[in-house]
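The values are calculated or read from the model by the stated rules, or taken from the named source; none is laboratory data. No experiment lies behind these values; they were computed from the predicted model shown. When we count neighbours, we look across all protein chains shown, and the Cβ atoms used for this are built from the backbone with ideal geometry, even at glycine.
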């Protein structure tokens, strides 16, 4: 799948802006509740607090950011799914909270394709596949060759079981017919400490988390999982460039609303998101946080994207056999 960055929308954008103005005129009396399913201080929270002031100005409405952290985004997603469809509640979700959790958890109270009104992506975060400099490889193909010679001996850390980083390792194992041993941690920080200390061989993490370590030689980045190279590490080829065309893994952050929101409100909210993310003050801050700004041509286009991601990752989860209690 190709993930295209933000593009001007011309006359369509102008039409949608008119809808956003009409929405603001009708809904400014009540604050908009912006639910974030992750705790303060993390990347998802930074994204929400970067976008929300511009969104508030565009809509002419007060926006209150409400962090509902816990359970890998499930608590926040549940709150959005159960909210009134009046346009006064929106939620910031990641691929994990909106797509992966439905495939990983039993008895989840919401379903990706039934219990939300998709509005738009905000940004994309490709991953970096990095190793300790003591691992004698300098490319993804060399890592694959080493892994084939030592099945199950190379250890790779991630923030936990069932996350997108874990699934990236499983996709690599499947695509390259190798066995990297997954080591789950309680967060990115502990995994980073262990790979820097040489206690594990490598890790999969967001690009922003490895830039400084790569520059100083404390980590060696072998591949980027996006469909194009990262401007932060332009010398590092993608996995696709290195012979693994299916290993395209991009985390994404998006805004959704509760189910049954009217088409007019959906169109207006989508337009406001597009306009807000396009502002240099917003897009520059997102880039500084390691997030590539990205919106969709319409709410319907984003809904189609979500459907495709749901099917794609459902297959990956099923093949991996991963389940989370």
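Within segment 246-260, the residues that satisfy the criterion of being farther than 20 Å from residue 208 by Cα and modelled with pLDDT of 95 or more are 255, 256, 257, 258, 259, 260.
Of all the numbered requirements in (1) surrounded by fewer than 21 Cβ atoms within 10 Å (Cβ to Cβ); (2) assigned to a helix (DSSP H, G or I); (3) in contact with a helix residue (DSSP H, G or I) (Cβ under 6 Å, 6 or more places away or on another chain), residue 167 misses one, and that requirement is (1). Residues being at pLDDT 95 or above and within 21 Å of residue 317 (Cα to Cα) are entirely absent from segment 230-237.
Listed here are the residues, each with its yes/no results for (1) in a helix (DSSP H, G or I); (2) in contact with a strand residue (DSSP E or B) (Cβ under 6 Å, 6 or more places away or on another chain); (3) surrounded by 24 or more Cβ atoms within 10 Å (Cβ to Cβ).
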| position | (1), (2), (3) |
| --- | --- |
| 115 | no, no, no |
| 119 | no, yes, yes |
| 122 | no, yes, yes |
| 133 | no, yes, no |
| 138 | no, no, no |
| 152 | no, yes, no |
| 160 | no, yes, no |
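Against the condition in contact with a strand residue (DSSP E or B) (Cβ under 7 Å, 6 or more places away or on another chain) and closer than 30 Å to residue 87 by Cβ, how does residue 185 come out, does it pass? So residue 185 does not fit the description; no.
Listed by first and then second residue, the pairs with beta-carbon distance under 6 Å, at least 6 apart or on different chains, first residue in segment 175-193 and closer than 13 Å to residue 149 by Cα, second part of a strand (DSSP E or B), are 180/156.
Determine if segment 78-95 includes at least one residue that is on the phi > 0 side of the Ramachandran plot and in contact (Cβ under 8 Å) with a residue 40 or more places away in the chain.
The first filter runs over segment 78-95 and keeps only residues on the phi > 0 side of the Ramachandran plot, leaving 87.
Subset that is in contact (Cβ under 8 Å) with a residue 40 or more places away in the chain: 87.
Yes, the conditions are met somewhere in segment 78-95.
The one condition from (1) surrounded by fewer than 18 Cβ atoms within 10 Å (Cβ to Cβ); (2) within 26 Å of residue 30 (Cβ to Cβ); (3) touching a helix residue (DSSP H, G or I) at 6+ places or on another chain (Cβ under 8 Å) that residue 82 does not meet is (3).
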